[in-house]
1. Checking residue 46 against (1) touching a Pro at 6+ places or on another chain (Cβ under 9 Å); (2) in a helix (DSSP H, G or I), which test does it fail?
2. Which one of 111, 97 is over 20 Å from the mean Cα position of the chain (by Cα) and surrounded by fewer than 15 Cβ atoms within 10 Å (Cβ to Cβ)?
3. Can you name the residue in segment 306-331 that is in contact (Cβ under 8 Å) with a residue 12 or more places away in the chain, in contact with a strand residue (DSSP E or B) (Cβ under 9 Å, 6 or more places away or on another chain) and assigned to a loop (DSSP other than H, G, I, E, B) and, of all such residues, is surrounded by the fewest Cβ atoms within 10 Å (Cβ to Cβ)?
4. Yes or no: residue 303 in the same structural domain as residue 160 (by TED's automatic domain parsing) and out of contact with any helix residue (DSSP H, G or I) (no Cβ under 6 Å at 6 or more places or on another chain)?
5. Restricting attention to segment 49-89, report how many residues are buried (at least 16 other Cβ atoms within 10 Å of the Cβ), in a loop (DSSP other than H, G, I, E, B) and at pLDDT 90 or above.
6. What number of residues within segment 95-124 satisfy the criterion of being out of contact with any strand residue (DSSP E or B) (no Cβ under 8 Å at 6 or more places or on another chain) and modelled with pLDDT of 95 or more?
7. Evaluate the following for residue 104: is it under 21 Å from residue 331 (Cβ atoms) and of a type in the set (Lys, Arg)?
8. Among the candidates 119, 164, 109, which residue alone is part of a strand (DSSP E or B) and touching a residue at least 60 places away in the same chain (Cβ under 8 Å)?
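The values are calculated or read from the model by the stated rules, or taken from the named source; none is laboratory data. Bear in mind the structure is a predicted one, so any value in this text is a computation, not a measurement. Counting neighbours? That spans all protein chains shown, and the Cβs are built from the backbone with ideal geometry, glycine included.
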Amino acid sequence: MDADVVVIGAGQAGLSAGHALRRAGLDGARPGGRPGGFVLLDAGDGPGGAWAHRWPSLRLDRVNRIHDLPGMPQPAAPPDTPASELMSAYFADYEQVFELPVRRPVQVRAVRADDHGFRLDTSEGWWTARGLVNATGTWTRPFVPSYPGRADFRGRQLHTAGYRGPEEFAGQHVVVVGGGISAVQHLAEISEVATTTWVTRREPVWRTDDFDADAGRAAVAMVDERVRAGLPPVSVVRVTGLARSPMLAAATARGVYTRLPVFDRITPDGVHWDATATSPARDLRADVLLWATGFRAALDHLAPLHLRTPGGGIVMDGTRVVAEPRLHLVGYGPSASTVGANRAGRAAVRELLATLQRAPAA
């Protein structure tokens, strides 16, 4: 199965790239059809990307702004609509309206390069491509840090990726680990049915000003500087800080966001802090450890290309991988946001097609 361009992933970034490829005049590539065109290979069982897996209590009025996909606005919906429902339906409609050639579920296991392009080992067989847009995001790679005693904890442990809502924690004590937007959202709703403790590695920074266009550009520039140097991208919250939505403001008024430094180890019944010069040793009982500790870029299938630097990142110039100009990463680093993914999809396709036009065909 052959294509001029393969897009891996059909979330916000992948669909944006697909829209740009369609506008550039490429046809959809299909097995058994003529070589050429483009295809989106998506590992999900249905449309929606990461949105399809968000917890049901994450409603439209509780999420950060979700930017429209290119060329098609989101439908109006009541504010209490679960974001997962609306976005999955919206993505499905988008694929149909623009006739995007999405194939799912298709797992891309490994990508290898040669003089003519790439060979993709997938769950439906081999695909070849002259150019590649990777849009696999982070949701499939939840990160849980290692702490002494974690394997001995007798309570329940789960990551944000497995969180389904607060009701299951009623009457328990939940320790939420992490300083990002997911952590503060979890705390706001769990604290209404359970007792909570919040721990973070660094002091949270609450944003008191409006996040305007200048602030957004500054945040993107900071992340872009890291990936250009071949360093792993940092989380958006480390750059932008936490904004207090009405829900978070109400939780603040209830005293939910009294933060403790992260514990030193996990015990069978909770967590433990060692003694310091200013505080005695302390134990805290816990029924649940909720790891809101973020995600890592899902790039294991690109390992055969040997792109990572000793610093653990990939040297980037915009969306283009410097070591492999036929490969673009969208939804990675500075484009890891809904508006950033839209812009990155367009830019990646424009530059990739120009590169392929200069390169000899297979």
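1. Going through the list (1) touching a Pro at 6+ places or on another chain (Cβ under 9 Å); (2) in a helix (DSSP H, G or I), residue 46 breaks only (2).
2. Values: 111 fails: surrounded by fewer than 15 Cβ atoms within 10 Å (Cβ to Cβ).
Among 111, 97, only 97 is over 20 Å from the mean Cα position of the chain (by Cα) and surrounded by fewer than 15 Cβ atoms within 10 Å (Cβ to Cβ).
3. Selected residue: 323.
4. Numbers: in the same structural domain as residue 160 (by TED's automatic domain parsing): no; out of contact with any helix residue (DSSP H, G or I) (no Cβ under 6 Å at 6 or more places or on another chain): yes.
Against the criterion (in the same structural domain as residue 160 (by TED's automatic domain parsing) and out of contact with any helix residue (DSSP H, G or I) (no Cβ under 6 Å at 6 or more places or on another chain)), residue 303 does not qualify.
5. Residues meeting the conditions: 1.
6. We begin by selecting, within segment 95-124, every residue out of contact with any strand residue (DSSP E or B) (no Cβ under 8 Å at 6 or more places or on another chain); these are 96, 105, 114-115.
If we keep only those that are modelled with pLDDT of 95 or more as well, we get 96, 105.
Residues meeting the conditions: 2.
7. Details: under 21 Å from residue 331 (Cβ atoms): yes; of a type in the set (Lys, Arg): yes.
So residue 104 fits the description; yes.
8. Details: 119 fails: touching a residue at least 60 places away in the same chain (Cβ under 8 Å); 164 fails: part of a strand (DSSP E or B).
Checking each option against the conditions leaves just 109.
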